[in-house]
Amino acid sequence: MSKIEEIQESVNNQENEEIIEETPKFTPKEIAELLETAEQHKSTGNKFFSLKKFDEAIEQYKKALDTCPIEKKKERAVYWGNIGACEVKLNRHKEAVDACTKALEDDPAYTKVLFRRAQANEKVNTLFSTNSALEDYKKLSSDPIHKSDRVVLDNHSLISNAIKRLPPKIKELEEKEKAEMIDKLKGFGNTILGKFGLSTDNFKIVQDEKGSCNIQFVNNPDKNGEGGS
């Protein structure tokens, strides 16, 4: 290795050391104390939740997360799950999905939160979120980790109905989003073509006998986009 290469490697190592932030190391006693403080915040959050003061509850659960050691994943999953429950109560379903996802990252076996995320994703009502909801419902129904959980057993009918009900809804959302995308593309095309006194109505797609599609120019199109070529 040349001297220049040695210097460059030294610089790169130094930069990497500056970028990487080490996780604080705590003694078992310190971890226990931090966890106790976090649980106090959780308890206060639960009191706010029971009073339907959901924003205040979220604030306490976030303080619990700020305090709780990173290695205490199950406890952190509970705090995130509780935030998700608050977001659902506040009809902030996208935020509920985000919180539930963070909880599941810490504890993938957290069935109650997986069920909550499925319901929240369904409420978001986009193509992506509805597909995600269906995936979660299927996982609840078939995954050995989840299917014997009390939450699934108590909501078996709801989950089964969702698995049957969502595929047609997904097709409907696909058509809706496709139509919206075409409208946006037409709007963009009309903006460009308008500079030349034209619009997308001046062009139509014609399919030949072999199934190939060709674009034809149309003079003086009528309201249906048809006219003489």
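General remarks:
- Computed 3J(HN,Hα) for the stretch 175-181, one whole-Hz value per residue from the Karplus formula 6.51 cos²θ - 1.76 cosθ + 1.60 where θ = phi - 60°, is 5, 5, 5, 5, 5, 5, 5, glycine and proline marked x.
- Computed across the stretch 28-107, the Kirkwood radius stands at 12.3 Å (inverse of mean 1/r, all Cα pairs).
- Percent RCO, i.e. relative contact order, over the stretch 28-107, from Cα pairs under 8 Å lying at least 6 residues apart: 27
- Size of charge dipole - the stretch 14-163 - debye, nearest 20, with Cβ of Lys, Arg +1 and Asp, Glu -1, no other charges: 960
- Diffusion coefficient (Stokes-Einstein, Kirkwood radius over C-alpha pairs, 25 °C, 0.890 mPa s) for the stretch 113-184: 193 µm²/s, rounded to a whole number.
- Projecting the Cα atoms of ILE83, ILE145, ALA103 onto the charge dipole of the stretch 63-146, computed from C-beta unit charges around the Cα centre, puts ILE83 farthest toward the positive end.
- Evaluated over the stretch 28-107, the count of Lys pairs having alpha-carbon atoms less than 14 Å apart is 12 (only pairs 8 or more residues apart or interchain).
- Per-bin percent of Cα-Cα distances, the stretch 48-186 [5 Å]: 2, 11, 17, 18, 18, 14, 10, 6, 4, 1, 0
All of the numbers you see were taken from the coordinates with simple rules; none came from a lab. All values derive from a computational prediction rather than experimental measurement. Virtual Cβ from ideal backbone geometry, glycine too; neighbours counted across all protein chains shown.
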